[in-house]
Amino acid sequence: MTYEESCEKIRQILAKNSNTNPEDWFLCMKARFGMAVVFNALRDIKGDGKVLTTPYTCITAINPILISGLTPVYQDITPEFLSTYKLKDTDVDKKTLAIVMQHTLGMIGDKTRFRKFADKHNLILIEDSSHCVTRFARDEKDKILADISIHSFGVEKVLVGSKFGGAIYLNPELKEREPDLYELIAKRMNRLKKPGKITALRVRTYRYNNALLQRLPARMRNGLRGAEIKAGLLEPAVYPFEQDAQQDEPLSTNTYINKRIISQLETLKPNYIRRHANVDLYRNRLKSSHFKLISKLQEPLLAFPILFENAEKAQKAYEMLTSSGYFIRRWYYPLIYPGPNKAKLYRYDPKKTPIAEKTAKCVLCLPTDLPIIQTNQIIRLINDQKSEK
Ligand SMILES: Cc1ncc(COP(=O)(O)O)c(C=O)c1O
């Protein structure tokens, strides 16, 4: 299969999985690169401006806004969805250009309010579906709400074996509403350069390198990982320079990345079925009184979030589960994960998002891709851990 044929195949699978058209999908090496293209084009067409977004996210979702010369305006979250919920007219002014609608861990629910809000204030609605590849927020008629939708095949996302790759969906309605913006994004996405030889080598060796590192004792692993990143041998999920609002030049995929994406997309259905089944188990069987179940949604989540009464209890449960051999994530702690080196550079003021600040310290995210027997063990361990006053 040639590179072009593999791109077309991915577009067709994405379209089939989401009831969309293949030509509306554009590929890149990482979702953050596609986001950079989107925000850059937005800045070039509309000039300086603000983007409403959430601090309950990865730093790689904020950098594309900053490097484009736009200003992120952080909205507080609701713990029930771990994302923006209350849309406030007072957050919008003449300079506001867009709003990001992030489906944290794949919690989509009913987000029709976002479309109405975007229409009311003439904003571009950008959906972050990085945690729920091929899934979209839709209205009651199944119409996609967003103007632009971001999807990721990268590390710690739904497809565990691809490690690289992202896709941007451009809603054909955007072509009518904002033809210049649509054309500029499409043109720039189509012109992305392929990874150079060294990057391509890092991509190829990533899985083996990472598997090797995982076998080492924690102290050795962290030291060697750092040294490999410095020496340019390992592509980390987040580079240290990305905590300083910097990002590499956006790149497209290559034939190797496409091959991995295709084989992973072929398992997407069973992947989502397994995640759904695990979400149901957690929802039905987690009974401890020292935390709240967050998600009430019947969705195949990337991980299942639970909210502890305080940071100490969350940390205690985290240590107990990790020492039992489970890989538990603290999405997103610290906020704008793994945290900016200078909050000022990120225009982030923690006082303005107190719920996000508090929630991030108290959330644990349980894996949803394990065999049922292991999920049951996690449930037993958590239920057995006594709440301490
Ligand atoms: C919410 C969110 N958006 C975007 C991204 C960027 O995805 P990628 O790693 O494919 O660049 C991430 C990655 O961590 C994310 O968590």
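In the chain, helices alone account for a calculated mean residue ellipticity at 222 nm of -13500 deg cm²/dmol, with every DSSP H run of four or more residues adding -39,500 (n - 2.57). Projecting the Cα atoms of Ala98, Leu286, Pro195 onto the charge dipole of the chain, computed from C-beta unit charges around the Cα centre, puts Leu286 farthest toward the positive end. Ordered by the count of other Cβ atoms within 10 Å of each Cβ, fewest first, Asp110, Asp248 give Asp110, Asp248.
Taking the Cα centre of the chain as reference, the dipole from Cβ charges on Lys and Arg (+1) and Asp and Glu (-1) amounts to some 980 debye.
Think of each Lys and Arg Cβ as +1 and each Asp and Glu Cβ as -1; about the Cα centre, that makes the dipole of the range 3-190 roughly 240 debye. Across the range 268-387, the relative contact order, built from alpha-carbon pairs under 8 Å that are at least six residues apart, equals 38 percent. Residues Thr54, Thr96, Thr253, arranged from fewest to most other Cβ atoms within 10 angstrom of their Cβ, appear as Thr96, Thr54, Thr253.
Farthest toward the dipole's positive end in the chain, which of Phe304, Thr322, Leu87, given Cβ charges of +1 (Lys, Arg) and -1 (Asp, Glu) about the Cα centre? Highest projection toward the positive end goes to Thr322. The distance linking the range 170-196 with the range 336-366 is 31 Å (Cα centroid to Cα centroid, whole angstrom). Shown is the FRET efficiency for Arg330 and Glu176, computed with R0 = 35 Å from the Cβ-Cβ distance and rounded to the nearest 0.05: 0.25. For Lys30, a cut-off of 12 angstrom between C-alpha atoms picks up these aspartates and glutamates, skipping any fewer than 8 places away in its own chain: Glu235, Asp248, Glu249. The range 63-94 and the range 200-230 have Cα centres lying 35 Å from one another.
DSSP finds beta bridges in the chain, and of those with both partners inside it, around 55 percent are antiparallel. Stretching Lys230 away from Lys358 to a fully extended chain increases their span by 42.7 nm, per 0.36 nm per residue minus the current alpha-carbon distance. Checking the Cα-Cα distances for Lys111/Lys352; Lys9/Lys116; Lys46/Lys344; Lys16/Lys193; Lys86/Lys386 against a 29 Å cut-off, the pairs over it are Lys9/Lys116; Lys86/Lys386. Each residue of the range 201-207 was assigned a 3J(HN,Hα) from its phi angle through the Karplus curve 6.51 cos²θ - 1.76 cosθ + 1.60 (θ = phi - 60°); the sequence is 5, 4, 5, 5, 8, 3, 5 Hz, with glycine and proline shown as x.
Since every read-out is calculated from the coordinates, none of them should be taken as a lab result. Because the structure is predicted, anything quoted here is derived from the model rather than measured. Neighbour counts are summed over all protein chains in view; Cβ atoms, including those assigned to glycine, are modelled from backbone coordinates with ideal geometry.
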